[in-house]
1. Of the conditions (1) surrounded by fewer than 21 Cβ atoms within 10 Å (Cβ to Cβ); (2) under 22 Å from residue 122 (Cβ atoms), residue 94 clears all except one; give me its number.
2. Looking at segment 53-71 only, could you name the residues that are touching a residue at least 60 places away in the same chain (Cβ under 8 Å) and under 15 Å from the mean Cα position of the chain (by Cα)?
3. Across segment 5-20, what is the total count of residues that are exposed (fewer than 12 other Cβ atoms within 10 Å of the Cβ) and touching a residue at least 12 places away in the same chain (Cβ under 8 Å)?
4. Restricting the search to segment 39-66, which residues are buried (at least 17 other Cβ atoms within 10 Å of the Cβ) and farther than 24 Å from residue 28 by Cβ?
5. Just wondering, is there one or more residues in segment 117-138 that are within 23 Å of residue 17 (Cα to Cα), surrounded by 12 or more Cβ atoms within 10 Å (Cβ to Cβ) and in contact with a strand residue (DSSP E or B) (Cβ under 8 Å, 6 or more places away or on another chain)?
6. Output the residue which, of all residues in segment 58-96 that are in contact with a strand residue (DSSP E or B) (Cβ under 8 Å, 6 or more places away or on another chain) and assigned to a loop (DSSP other than H, G, I, E, B), is modelled with the highest pLDDT.
7. Please count how many residues of segment 17-57 are part of a helix (DSSP H, G or I) and more than 20 Å from residue 96 (Cα to Cα).
8. May I ask you to list the residues in segment 97-133 that are outside any helix (DSSP H, G or I) and within 10 Å of the chain's Cα centre (by Cα)?
């Protein structure tokens, strides 16, 4: 199931990157595959709550998704999110992706995210804030 979800997502994202839009049939395919997680992810994209921070001059990129519980740092290449759903459903193998990761992947493919430019000096401060938020949620 988990592997199937990821395969379907990759196929759809390949088409999205080519067509520059999410077709109705692909929207329905994702909705059928991910259910409410897709609904929530799509809302993130529609409400422009996916942010891509680019730090200069290094060019380092950090993805952040503004979810219901706060801002979650996303590592798309590692398939990681700092949210509870990731820890309780994705790690346990119940789901392939949390809705934050799904939203980030969609926003990136559609080029529909909030670009944020920062200086390299801000990197440590911001990542410390995002990590502190995760720790405070665990308490």
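The values are calculated or read from the model by the stated rules, or taken from the named source; none is laboratory data. Computed from a predicted model, the values in this text were never measured in an experiment. Please note: Cβ atoms are built from the backbone with ideal geometry, for glycine as well, and neighbour counts cover all protein chains shown.
1. Against the list (1) surrounded by fewer than 21 Cβ atoms within 10 Å (Cβ to Cβ); (2) under 22 Å from residue 122 (Cβ atoms), residue 94 comes up short only on (2).
2. Scanning segment 53-71 gives 53, 62, 64, 69, 70, 71.
3. Qualifying residue count for the region: 1.
4. 51, 52, 53, 55, 62, 63, 64, 66
5. Looking through segment 117-138, none of the residues is within 23 Å of residue 17 (Cα to Cα), surrounded by 12 or more Cβ atoms within 10 Å (Cβ to Cβ) and in contact with a strand residue (DSSP E or B) (Cβ under 8 Å, 6 or more places away or on another chain).
6. 76
7. Total meeting the criteria: 6.
8. 97, 98, listed by residue number.
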